[in-house]
1. State all residues of the stretch 162-173 that are over 17 Å from G73 (Cβ atoms) and buried (at least 17 other Cβ atoms within 10 Å of the Cβ); if no residue qualifies, say none.
2. Within the group A56, A18, A49, A82, which residue is modelled with pLDDT of 90 or more, under 16 Å from the mean Cα position of the chain (by Cα) and under 30 Å from P172 (Cβ atoms)?
3. Name the single residue, out of those in the stretch 83-130 being in contact with a Gly (Cβ under 8 Å, 6 or more places away or on another chain) and part of a loop (DSSP other than H, G, I, E, B), that is nearest to V164 (Cα to Cα).
4. Inside the stretch 67-79, can you point out the residues that are surrounded by fewer than 24 Cβ atoms within 10 Å (Cβ to Cβ) and out of contact with any Gly (no Cβ under 6 Å at 6 or more places or on another chain)?
5. Go through the stretch 1-29 and give me each residue that's farther than 17 Å from A54 by Cβ and either surrounded by 15 or more Cβ atoms within 10 Å (Cβ to Cβ) or more than 14 Å from the ligand (Cβ to nearest atom) (or both).
6. Is there a residue in the stretch 99-111 that is under 14 Å from the mean Cα position of the chain (by Cα) and at pLDDT 90 or above?
7. Take D61 and tell me if it is without any contact (Cβ under 8 Å) to a residue 24 or more places away in the chain and in a helix (DSSP H, G or I).
8. Looking at the stretch 21-46 only, could you name the residues that are within 16 Å of the chain's Cα centre (by Cα) and of a type outside the set (A, V, I, L, M, F, W, C)?
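The values are calculated or read from the model by the stated rules, or taken from the named source; none is laboratory data. Remember, it's a predicted structure, so these values are computed and weren't measured experimentally. Note: ideal-geometry Cβ built from the backbone for every residue, glycine included; neighbour counts use all protein chains shown.
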Amino acid sequence: MISFNESQALELFRASGAYLDGHFLLTSGRHSSAYVEKFQVLQYPEHCARLCAAIADAFRDLKPDVVVGPAVGGIVLAYETARALGVRGIFLEREEGKLALRRGFEIGPTEKVLIVEDVVTTGTSVFEVLDALKREKHEGRILGVGYLVDRSGGDVDFGVGRQVPVMRLDLPTWDPASCPLCKESKPLTKRGSRKVPGA
Ligand SMILES: [Zn+2]
């Protein structure tokens, strides 16, 4: 039934300009030959729908009651995955630096929760979502985490239920001193800068 594989997902990312080849300076300070700009693919509703349908398909048998994601990427993903499942889609956003449910969003004590995310490298945002759901006693029953891209090399374990990426990307990164692209004098592009509020 699932007619969507990892190479098709990667093709959507490439065709929409969300997967870029080049020479990039990452926020970590390391260099990479590729960069993922997720909103380049999410700006196309039909691509977003296909990707989120793949997440929905991976969790439909567990019958989620609500899909939740961290703002900003998670807003779109939670909405679209929820639409595919016919359930509610809500999101967490920052309040005094911490992710929290706002806007009257609630998760009932018996509701089954599917967490969605875009790109997982270290998984920080998802771990923050898990903390927030526990802190606010809205943790309900967490079925697992569905996400678009696994850049962790499979190293991240959220420790809750099922963990399903739509695709895995093993992108090489290098310390600048040993970067082969620097040795070729290929121009360096700065990507992935995180804007600090108020900065
Ligand atoms: Zn380099």
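1. Q163, the sole residue that qualifies.
2. Unique residue meeting the criteria: A18.
3. Ranking the qualifying residues of the stretch 83-130, first place goes to E111.
4. Matches in the stretch 67-79: A71, V72, G73, I75, V76.
5. G17, L20, H23, F24, L25, L26, T27
6. no
7. For D61, the condition - without any contact (Cβ under 8 Å) to a residue 24 or more places away in the chain and in a helix (DSSP H, G or I) - is met.
8. Y35, E37, K38, Q40, Q43
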